[in-house]
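Chemist: Below you will find the structure I want to go over with you.
Every number here is computed from the coordinates shown, using simple stated rules; none is lab data. The model shown is predicted, which means the values in this text are computed figures rather than measured ones. We place every Cβ from the backbone using ideal geometry, glycine too, and count neighbours over all the protein chains shown.
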């Protein structure tokens, strides 16, 4: 099957652009970067067609990567239905976003660097998806984290960008720490990290072991997929270029946690406690992020919190045992959220860098293509039937209701808020009168063609790709509440949100401000994102920095370690100044010492019995 | 017969070796060293190492030592001067201990009384045997040695050539 | 009188020659003589090799001796060239005068 | 009987015979050379002492022995005395491994016409000849004379340099014969002139023979390579300060070396004691015919003497030659005399070449001499060896 070609192509693109890109023309950089990703996409398609009915998974072994004692980790790639879904999303949407980036990045410095990083990201993401054991998955996991860091800090001359990069990297470490612990624990209990071996034994393992593993994996997933309490890095990650936000921080990388938990479904189904934790964390994240999203004024921040919220939905799906629904939402979310971000990018591009909603408005006429494509995303995310978001969100909510009605009701409220804040962003951007100063212009074709493709996918993706049915064979069957009432309620919530936004931002524009005045305290609370960053800063970051500075740096490092090192150095000098006298340059004195050594050796041999008897 | 031959040439070798050390003029030392090498060649024959005996004379006595003699003549080196410190005080006792220990170990531990050398007791040292071993088991070292020699030639030429103005 | 030489005699001879080589290295001041003392030590070691070869009825010792000779030849060529340059530069063959890289 | 059979006794007898013959030959070789050069230059040469100057060597020996043995001041005495001894002994030592003929039976004893056969005979000769350098180099240095020193240095450099092409030239026929024992070397060339290494095998060793001969001239310090004793530059080179028997030692060493290399050339390339064609074609009659012709010629000239004295001497020589011719026909002695004849004839021919060249060619310049060996002789010898070894490897399965 030559699965290795799929990730290797972007890697080759990265190497070529990374090494020679500085001297390449832009078109050559484009050809290499996009060509490698598109080729990879085509190879995925070829692989799928070659696999026939897709009922059997294929695994390819390339070489033994680590062998030490009982550890035997190979470089193995695995393709089954779940992988195929992820591969298509990653390479397909990746290709579109690469094309889009040509237009978006055309005026930016570090052009080749951007594409090299993007290709590297594709490589690691594909390794993550294809890897047939936890360690290989972890390689991709860390690799995409690295690329995320590099791309968030792409504008490294801006402090907020590098700070955001550092924040993403450091917060992710916490999650990775959990993931590492999970791997150690898996290896300790199952003696292997291969998926098939681990999952084969998992069914018979004690529940508390599986719960521990599940919770630790959950920590990892929380980091990567921006769940409470580790979601704080994702909104800041919007400091990167918008295509990065679309590809990495909406469509693909942040869903890695969802993919990983879905991949480990065997462990989770046997650990109901962990499942509950996932569902609760998911719904809390979804709800809180949605509330924050209500009051944000930066268009990308709105969509960032929306992403966090939607990821929460996916975890709700996973936590409710509806793994296929979670993946389903992952796919549709990839379509419409990528579209939202790219559209936002198009708006920002049109306004030459303006991101504040308050400085927009009335752009409907000026950038019609962007507007109409974003409308598609709008209706999709708001859960308007029969568009894609409706199907997946509905599937999750139905599963959640079966699991716990409380989660369902919070989910419905969240759905309403989602519809509200997206509508708010849409109204503030495209309707009303223009409040900004920059001259708006429509984006070039390389930017709007991907938008159009994604718009089509957002509209019809829901029923064109019945992911849930496609994945049914992989995951355990769940009972679904066949209650049409529930569906009507959630649809109603979506329309309610849209309607409320229409009322507040189009019919009575002053209403939003007056409401904010009326409910000042809650508004301030959500406007400032519940002060989470400040709380973290006060409770974790500052004590940590202070402790590091006072104890670790001044005490341990400067005092103890430097003292030891300097002391060793100083003693070495002292000894050396004595031994220096031996280095007389006189060869005969050297020879005398050699002779002395030989005699000592002979004496030692005699005394210690090194001689044959 | 073997014992007599051994004793004769061992004594010659030791006397020549002592001469190497005590002669003040390098050329006398060099010629004494040739004497040592010649006696060793005979002892090699006694041990059945015909090829090595011939090579010893051709390479050591006939080439290396000629080179030494040549250089001594070229530099017209005189007898050595008594300058600088003597290493007799630390060196001589150490040397005596060294030699004593070596001899003691060899006699006491390494070889039983029955291990003896008879002329003709080992016939595997002819040119054929050496050639066989050299071009099969030791082929790589042999090739590496040839490179070493080449490097040495170039090095010697570079070091010793006259500076071209 | 016995008609065979104990192997240990050969080795003792080798040790004596080696010790004399060391003595020459330590007590002589002429670079060339010192260099010749090294050759003497090499020869002593060669004798041991050939003796071991006899004892084990095995040709390897001869090969080692052969390689020692070749290396000694290379060493002599380079060493004497160095001595020539040293003499050209400092007009002395006293080894104690040659105790620093520069002069 | 036991005494006769014992190895040591036989070897001692053989050594005595060889030494006697060799020393006589050495003495007379000098006479022969003077005669040959004289005749090349169309003059009679030594003529006064004895018939045709035949007793001249005796006179020379008496002169050298009775001359005052000078020991110059300021020489390094031990080395000065050691040098000629080294030179002559190393020159004579090589003879010990040279085979003159096949196995023979003398009375009850069966023995080889060779002092001893080493299976590293060729290496032994190389080793001994390389030791010969010391004699000359030390003589030059110990004399404490700048001409002698230059001569000694030149000689050692020259001999070391020419030893390389010589060894390579020797190696090629050894590859064909596949032995290092001189006796087996000759045995492998049995069967007529086309089995001799110079014409035999996958690659006839003509080039190698020529290189060997050129190197041999240099090794023995003969014209045109007699730079170490170039009298018009260096007075007499390394033996400037030597006189009487010590001088004679060097002289003898040179001639002994000549004989050794000639014998080596014979053994390596010209089939040693083997006759050039089979007995069936009358190979055994060749010496008889040659000596008979010589005897008849002498008798003819004795009948018509150019001078008075020849009336007596020439017939005597003629009769001696005829007797020798007859002796070669006796079956008892044929078995050892014939091989000896062929060996002597071949070696003699090469010795004649040495003299001929000395009478004909001028001397090289020193830089030409060194350039010639390093830039021409050595590469050619290497190439020859390579081609030979390839062809030998190709043809032997």
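Chemist: Along the three principal axes, how long is chain D when you take its alpha carbons, biggest first, rounded to the nearest angstrom?
Modeler: Principal axes ranked by extent give 67, 61, 51 Å for the Cα atoms.
Chemist: Here's something else I'd like to know. Measuring from label point to label point, each 7 Å out along Cα→Cβ, what is the residue B:161 to residue A:177 span in nm?
Modeler: 6.6
Chemist: Next up: Over all residues in D:139-146, what is the mean tally of Cβ atoms on other chains that come within 10 Å of each residue's Cβ?
Modeler: Numbers: counts 0, 1, 6, 1, 0, 0, 0, 0.
Per residue, the number of nearby Cβ atoms from other chains is 1 on average.
Chemist: Ok, one more. Using the number of other C-beta atoms within 10 angstrom as an exposure proxy, rank A:572, A:222 with the fewest first. Provide the component values of the computation, followed by the final result.
Modeler: Numbers: A:572 11, A:222 26.
Fewest-to-most Cβ neighbours within 10 Å comes out as A:572, A:222.
Chemist: Right, something else. Roughly speaking, what is the centre-to-centre gap between segment C:38-95 and segment D:366-397 when only Cα atoms are used, to the nearest Å?
Modeler: Taking the Cα centre of segment D:366-397 as reference, the centre of segment C:38-95 is 28 Å away.
Chemist: In deg cm²/dmol and to the nearest 500, what is the mean residue ellipticity at 222 nm of chain C if only DSSP H runs of at least 4 residues count, each as -39500 (n - 2.57), divided by the residue total?
Modeler: Working: 3 runs with 78 residues, N = 103.
Using -39500 (n - 2.57) per qualifying helix, the result is -27000 deg cm²/dmol.
Chemist: So how far apart, in nm, are the two label points at residue A:65 and residue C:91 if each is 7 Å from Cα heading toward Cβ?
Modeler: Result: 7.2 nm between the two label points.
Chemist: Something else: Over all directions, the average projected area of the alpha-carbon convex hull for the protein assembly as shown comes to how many nm²?
Modeler: Values: hull surface 296.2 nm².
Its average projected convex-hull area is 74.0 nm².
Chemist: Going highest first, how would you order A:454-465, C:36-47 by mean Cβ packing within 10 Å? List each step's numbers first, then the result.
Modeler: Numbers: A:454-465: 21.3, C:36-47: 23.3.
Put in order of decreasing packing, that is C:36-47, A:454-465.
Chemist: Let me ask another. Kindly put B:129, A:562 in sequence by how many other C-beta atoms sit within 10 Å of each C-beta, fewest to most. Walk me through the numbers before you get to the answer.
Modeler: Numbers: B:129 16, A:562 11.
Lowest to highest Cβ neighbour count: A:562, B:129.
Chemist: Sum -39500 (n - 2.57) across every DSSP H segment of at least 4 residues in chain D, then divide by the residue count to get the 222 nm mean residue ellipticity, nearest 500. If you can, show how the numbers build up before the last one.
Modeler: Details: 15 runs with 260 residues, N = 397.
Taking each H run of at least 4 residues, the total per residue is -22000 deg cm²/dmol.
Chemist: If packing is taken as the mean number of other Cβ atoms within 10 Å per residue, what is the order of D:122-130, D:373-381, highest first? It would help to have the intermediate numbers written out before the result.
Modeler: Values: D:122-130: 23.7, D:373-381: 17.4.
Top of the packing list down: D:122-130, D:373-381.
Chemist: Across the residues of C:90-96, average count of Cβ atoms on other protein chains within 10 Å? Mind dumping the intermediate values first?
Modeler: Details: counts 0, 1, 2, 7, 5, 5, 10.
Neighbouring Cβ atoms belonging to other protein chains average 4 per residue here.
Chemist: Can you give the relative contact order of chain C as a percent, counting alpha carbon pairs under 8 Å and 6+ residues apart?
Modeler: Values: 81 pairs, mean separation 26.9, N = 103.
Taking the mean separation of contacting Cα pairs over the length of chain C, I get 26 percent.
Chemist: On a C-alpha basis, how far is the centre of segment C:18-35 from the centre of segment D:312-339 in Å? Whole number, if you could?
Modeler: Answer, in whole Å: 63.
Chemist: Arranged from highest to lowest average of other beta-carbon atoms within 10 Å per residue, in what order do the peptides B:11-24, A:157-170 appear?
Modeler: Details: B:11-24: 19.5, A:157-170: 16.7.
Highest to lowest by the protection proxy: B:11-24, A:157-170.
Chemist: Give me the inter-chain shielding for D:128-136: mean count of other chain Cβ atoms within 10 Å, whole number please. Walk me through the numbers on the way to the answer.
Modeler: Numbers: counts 4, 2, 8, 8, 1, 7, 8, 0, 0.
Average per residue, whole number: 4.
Chemist: Step by step: find N for segment A:280-520, compute 2.2 N^0.38 Å, then divide the Cα radius of gyration by it. What's the final number? Before the final figure, lay out the partial values.
Modeler: Working: Rg = 17.6 Å, N = 241, 2.2 N^0.38 = 17.7 Å.
So the Cα radius of gyration is 1.00 times the expected 2.2 N^0.38 Å.
Chemist: Testing the spin-label approximation: label points 7 Å from Cα along Cα→Cβ at residue D:61 and residue A:28. State their distance in nm.
Modeler: 9.3
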